[in-house]
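Visitor: Handing you this structure, nothing more for now.
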Amino acid sequence: MCGIAGFTRYQYAGDENTLMTMGQAIAHRGPDAQGTFLEERIGLCHQRLSILDLSDAGRQPMHTSDGRYSLVFNGEIYNFLDLRETLESSGYRFHSHTDSEVILAAYQAYGHDCVKQLNGMFAFAVWDKQQQELFIARDRLGKKPLYYYFDGSDLFFASELKALMAAGCIPKQIRTDAVYDFFAYQYIPDPKTIFAEVYKLEPGHYLSFKQGEIKCHSYWHLDFSKKNKKNAEQQEADLLALIKDCTKSRMLADVPLGAFLSGGVDSSGIVALMAEQSPTPVTTCSIGFDVQAFNETEFAKAVAEAKKTDHHEFFVNQQVADSLADIVGYFDEPFADPSLVPTYYVSQLARQKVTVALSGDGGDEIFAGYEKYAIDAKENQIRNQLPKWFNQHIAGKLAKLVAATPVLKQTTTGRKAVTLLKTLASDPATGFYHSNAFITDEVWQTLVKPDRADELAGYHPSQITTDKYHQANADDHLSKILYTDIKTFLPGGILTKVDRMSMANSLEVRAPLLDYQVVEYAVSLPSHQKLKDGDKKHILKNILKPLLPSEILTRKKMGFSVPLAQWLREDLKNLAEDKILKNNPALTSYFRQQGLALLWRQHQAGTHDHSSVLWSLLMFQMWWDHYICQPSSGALDG
């Protein structure tokens, strides 16, 4: 795993010092070596975390023997040995044992279509000196990040926004619609960034720059219409064999390797498959909390004991307030998934033992593991059973009535009723958004300043969800919402969190369940194999039954959660109060002070749980403090 950055030099005058500064901004991604390459029309920078072929032969930027092509690459290619063999049979000769050199040869052989030959997690750039073309690409699911900016003359790119900004010429105008997106989703969905003219290259896309023009292409699509015709028994056998192979391919490394173990189905299954294929005990790492309702360590221990792993634990407690500012600093954009905290600590713990860790990421999104899918299925069933006239004309009015009744709106039942009624009053795509948004329309309208609302000109974050929902080539509701999450929440939320928190600790994380072949197989399965009579991840649990203790398969899903409401009333109360209520510039620029104070009082009194919104407000202000207010190297100024 590494960090990459670069720019073209048609009008831009970036030099070797610029490349060094860009690299230093992301040195945590690759602390083992830095490399730069500067020619008349191109500048490339690479920060290396050595995983395969630890010799100098693996250093980047890497060049073909004739000097025509130059590469910087972040990621791992799991089929590189097979692809190397194919290329060797065509006459290519290799000088290292790296997957990086295989990408270079594949680009020579297949051009832009090389991305279709690669199975892995990657973001890379290739400069073609002869054609004067810069090509950048991102993996199918979006495991590795890639930001870019085009000024009409030159193209700039980097693994992280801080490295891009180190180029010194990137506009820093904050997008108000991206701010709204952040409070709705807790992240800013691709291809937007917090800045108006900077973009994230979307997963499964590549971009080329030539003769002053950029062209962006999608090279991979998820197609739910391709139905698997095999019987359930054969589907289970095929899926288990595929996941086992994908796990094995991710165990190849020239450095110590282990796994995250939460005690949930996904990570436990991966550890079990690793243990089957490892000649030595697998190193496993878990995070616990002092609050028992959020502590999964007992389940992780059960798996560790059953699979005889070398197990390690770390408990998150009062250290959160002390380290939160540093953790937030690794996110170049506002990001508010609270599980960023345990992800940082489990990465820190793992890095003390290993350089590469496998995880169970992706299982929930591709096999319908979240409780929200079961809830949404019930809501959609209710919608279909009720008369259309009720959904269209009555449900919305009832939602407003309940929300306006003090006795009802202050109860958990009342709030759930409002959410359900609003969902029934909406079409299925919009209903899915309302059921899962982290801020309601009512709370947003209470908070946002009128001038900021005017800037939005009718924009609503639900558009992101509904657009993806309707793009899905699927004929059932569950498939459409899984497609939506795979295209939005997975890369924007889950994978961003894991990438930044693992890279903050110079740790590489690999996710076997997100091998694109596993994802394609999963989407070919009927929805009832994923969510069956309320049983989430039905087929995944079935294939893992022989491998895991029964309590792991039958326990209620906890998720990688934190005691957020309690933190905001206790451990983080002083920090949050200072950031949210003390007239700080980020929040006062967008929100009414009285609205912020109302939410804070209600939460502290225990009459409402505003933890998600308050946490997002805290994260937004802390991001602002780190990147807008502080004039430091690589930091952003407003």
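Visitor: Just to verify a result, which residue in the stretch 56-102, among those that are assigned to a helix (DSSP H, G or I) and among the small types (Gly, Ala, Ser), is surrounded by the fewest Cβ atoms within 10 Å (Cβ to Cβ)?
Guide: Per the stated criteria, the residue is SER89.
Visitor: Please indicate, with yes or no, whether at least one residue in the stretch 504-526 is without any contact (Cβ under 8 Å) to a residue 40 or more places away in the chain, surrounded by fewer than 17 Cβ atoms within 10 Å (Cβ to Cβ) and part of a helix (DSSP H, G or I).
Guide: Checking the stretch 504-526: not a single residue is without any contact (Cβ under 8 Å) to a residue 40 or more places away in the chain, surrounded by fewer than 17 Cβ atoms within 10 Å (Cβ to Cβ) and part of a helix (DSSP H, G or I).
Visitor: Can you tell me which of LEU553, LEU540 is crowded, with 16+ Cβ neighbours inside 10 Å, farther than 21 Å from GLY606 by Cβ and over 25 Å from the mean Cα position of the chain (by Cα)?
Guide: Of the residues listed, the single one that is crowded, with 16+ Cβ neighbours inside 10 Å, farther than 21 Å from GLY606 by Cβ and over 25 Å from the mean Cα position of the chain (by Cα) is LEU553.
Visitor: Restricting the first residue to the stretch 38-50 and requiring it to be of a type in the set (A, V, I, L, M), which pairs with a second residue that is modelled with pLDDT under 95 and surrounded by 21 or more Cβ atoms within 10 Å (Cβ to Cβ) meet a Cβ separation below 6 Å and a spacing of at least six or different chains?
Guide: Close Cβ pairs (under 6 Å, with a partner that is modelled with pLDDT under 95 and surrounded by 21 or more Cβ atoms within 10 Å (Cβ to Cβ)) amount to LEU49/MET1; LEU49/CYS2; LEU49/GLY30.
Visitor: Moving to a separate point now. Looking only at helices (runs of 4 or more DSSP H) that lie completely in the stretch 444-499, which have at least 1 residues being outside the structural domain of GLN593 (by TED's automatic domain parsing), among the aliphatic types (A, V, I, L, M) and closer than 20 Å to TYR521 by Cα?
Guide: Filter on the stretch 444-499 gives 477-487.
Visitor: Hey, can you tell me all the residues within the stretch 588-604 that are closer than 12 Å to VAL443 by Cβ and surrounded by fewer than 19 Cβ atoms within 10 Å (Cβ to Cβ)?
Guide: ARG592, GLY595, LEU598, GLN602
Visitor: Within the stretch 340-349, does at least one residue satisfy the condition of being under 26 Å from LYS530 (Cβ atoms) and without any contact (Cβ under 8 Å) to a residue 40 or more places away in the chain?
Guide: no
Visitor: Looking at (1) modelled with pLDDT under 95; (2) within 25 Å of THR496 (Cα to Cα); (3) of a type in the set (Phe, Trp, Tyr), find the lone condition where PHE122 falls short.
Guide: (1) is the only condition that PHE122 fails.
Visitor: Between a residue in the stretch 469-480 that is within 15 Å of PHE432 (Cα to Cα) and any residue that is basic (Lys, Arg) and part of a helix (DSSP H, G or I), which pairs come within a Cβ distance under 6 Å, given they are 6 or more apart or on different chains?
Guide: As it stands, the answer is TYR469/LYS480; ALA472/LYS480, since those pairs meet every condition given.
The values are calculated or read from the model by the stated rules, or taken from the named source; none is laboratory data. No experiment lies behind these values; they were computed from the predicted model shown. Counting neighbours? That spans all protein chains shown, and the Cβs are built from the backbone with ideal geometry, glycine included.
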